[in-house]
1. Note down the nm distance, to one decimal, between modelled labels 7 Å out along Cα→Cβ at Cys119 and at Glu37.
2. Which order do the peptides 88-95, 47-54 take when ranked by the mean count of other beta-carbon atoms within 10 Å per residue, highest first?
3. Can you tell me the FRET efficiency between Ser67 and Gln4 if r is taken as the Cβ-Cβ distance and R0 is 25 Å, rounded to the nearest 0.05?
4. Taking H placed 1.01 Å from N in the peptide plane, check which residues at least 5 places from Asp72 or on another chain put their amide H under 5 Å from its amide H.
Amino acid sequence: IEDQPDGTFKVATTAMPPDKHLAVAGPLCWSYAGSTEKCTGCLALGPCASAPTFNHTQDGAMVNVESHLCVDLDNQGALGSWDCGRGQPNQRFGVDPRTGMVMSGAAGYAQEASYAGMCASVPVGPDA
């Protein structure tokens, strides 16, 4: 989690999978691969400079500051962006304040329940 001056944050990482050899200046952040509208599986790692910022609400939603859409976990474990909904655990995430790790809170929600408590991760995008 990379805090912003206005109280929002970007989801950033400095760790890269061993099979990815990227030359990047600084961390990578959650970004949209191709779309900033409603999309399934569209979150990817990209340059932090152009990454969106999010608010983490009291009920665990991660809301894009600009689009007001929620980060959404699909039944394949991919993260996307969709209308925020009440009672949708697939849109709830916990953030460890010490490590900044983001974990799925999808317990008890259809097929997405199998991802509950797992680290929320996204693939490396084409712009990274």
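1. Distance between the two pseudo-spin positions: 3.4 nm.
2. Listed from highest to lowest mean packing, they are 88-95, 47-54.
3. Working from the Cβ atoms, E equals 0.95.
4. Under 5 Å from the amide H of Asp72: Gly80, Ser81, Trp82.
Computed from the coordinates by the stated procedures, all read-outs in this text should not be read as laboratory data. Because the structure is a prediction, the values reported are computed rather than measured. Cβ coordinates were reconstructed from backbone atoms using ideal geometry, including for glycine residues, and neighbour counts include every protein chain displayed.
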